[in-house]
1. Given (1) of a type in the set (S, T, N, Q); (2) surrounded by 12 or more Cβ atoms within 10 Å (Cβ to Cβ); (3) part of a loop (DSSP other than H, G, I, E, B), identify the lone condition not met by Gln163.
2. Can you find, within region 55-114, the residue that is farthest from the chain's Cα centre (by Cα) among those that are among the charged types (D, E, K, R), surrounded by 14 or more Cβ atoms within 10 Å (Cβ to Cβ) and modelled with pLDDT under 95?
3. For residues in region 113-122 being in contact (Cβ under 8 Å) with a residue 40 or more places away in the chain and assigned to a strand (DSSP E or B), which is farthest from Ile62 (Cα to Cα)?
4. Tell me the residue from Val8, Val37, Val12 that is among the hydrophobic types (A, V, I, L, M, F, W, C) and either in contact with a Pro (Cβ under 9 Å, 6 or more places away or on another chain) or at pLDDT 90 or above (or both), please.
5. Just wondering, is there one or more residues in region 92-108 that are among the acidic types (Asp, Glu) and assigned to a loop (DSSP other than H, G, I, E, B)?
6. Could you please give the count of residues in region 123-137 that are part of a strand (DSSP E or B) and surrounded by fewer than 17 Cβ atoms within 10 Å (Cβ to Cβ)?
Amino acid sequence: MRFVLIIVCLLVAAPSMAHQLKSSITTVLFNKRTHNVELMHRFYLHDTEHAVGTLFNGKIDIISNKVDQQRFAKYVESHIALQTLSGEPLPLSFVGAQVDGKFFWVYQEAPIPQGIEGIKMSNGALRDLWPAQVNMVNIEGKGKIRTLNFAQDDTWLEARFEQN
């Protein structure tokens with residue numbers, strides 16, 4: 001009977017011991033109406049809270065403290081970059097950040113360059129803290145949706161657009 005109880009306890013505890021996948025999703029939208037490239041970065045709030053505690057040492061309140069939210073948003077901004085395929089930087093402007101349910105969002109934008117045929121992107125957010133972090137990027141508004149997956153040692157990835 002004792003053996004069965006030990007097995008049951010281990011089975012109940014196993015899911016809590018499982019490694020949590022660290023990931024984020026970014027949408028890069030080429031908005032024809034505004035003529036801007038709009039970036040929307042979505043992080044799990046749980047991951048964001050852990051990251052902020054590690055990055056900024058101390059008692060942090062990412063949920064309700066706007067200063068802490070801005071600090072994390074600036075961290076994200078410093079780990080994101082866009083370029084044209086020829087390597088010309090696309091300067092990103094900060095639009096805002098917010099907590100929405102179980103997610104923390106960071107928004108950026110840049111004017112769409114004339115004749116752009118694709119982009120190069122770097123997305124290293126949280127990857128300096130957690131090497132297993134995966135940052136998925138969906139690129140929309142320029143033909144079919146393209147997806148970039150930043151994992152392991154990826155620093156710059158590129159997406160080429162269909163020619164009309």
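1. (2)
2. Here is the first cut: in region 55-114, the ones among the charged types (D, E, K, R) are 59, 61, 66, 68, 71, 74, 77, 88, 100, 102, 109.
Next, only the ones that are surrounded by 14 or more Cβ atoms within 10 Å (Cβ to Cβ) stay: 68, 71, 77, 109.
In the following step, the residues that additionally are modelled with pLDDT under 95 were identified as 68, 71.
Details: Asp68: 17, Arg71: 15 Å.
Among those residues, the one meeting the criterion is Asp68.
3. The extreme case among them is Gly118.
4. On the way: Val8 fails: either in contact with a Pro (Cβ under 9 Å, 6 or more places away or on another chain) or at pLDDT 90 or above (or both); Val12 fails: either in contact with a Pro (Cβ under 9 Å, 6 or more places away or on another chain) or at pLDDT 90 or above (or both).
Result of the check over Val8, Val37, Val12: Val37.
5. Within region 92-108, the subset among the acidic types (Asp, Glu) is 100.
Cutting the leftovers down to assigned to a loop (DSSP other than H, G, I, E, B) gives us none.
No; the residues of region 92-108 include none that is among the acidic types (Asp, Glu) and assigned to a loop (DSSP other than H, G, I, E, B).
6. Of region 123-137, the ones part of a strand (DSSP E or B) are 123, 134-137.
Next cut, surrounded by fewer than 17 Cβ atoms within 10 Å (Cβ to Cβ) only: 136.
Selection size over region 123-137: 1.
Conditions (1) of a type in the set (Ser, Thr, Tyr); (2) in contact with a Lys or Arg (Cβ under 8 Å, 6 or more places away or on another chain); (3) in contact (Cβ under 8 Å) with a residue 24 or more places away in the chain; (4) within 18 Å of Leu29 (Cα to Cα), marked per residue:
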| residue | (1), (2), (3), (4) |
| --- | --- |
| Asp100 | no, no, no, no |
| Pro111 | no, no, yes, yes |
| Asn138 | no, yes, yes, yes |
| Gln152 | no, no, no, no |
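The values are calculated or read from the model by the stated rules, or taken from the named source; none is laboratory data. These numbers were taken from a predicted model, which means no experiment stands behind them. Glycine also receives a Cβ, built like all others from the backbone with ideal geometry; neighbour counts cover every protein chain displayed.
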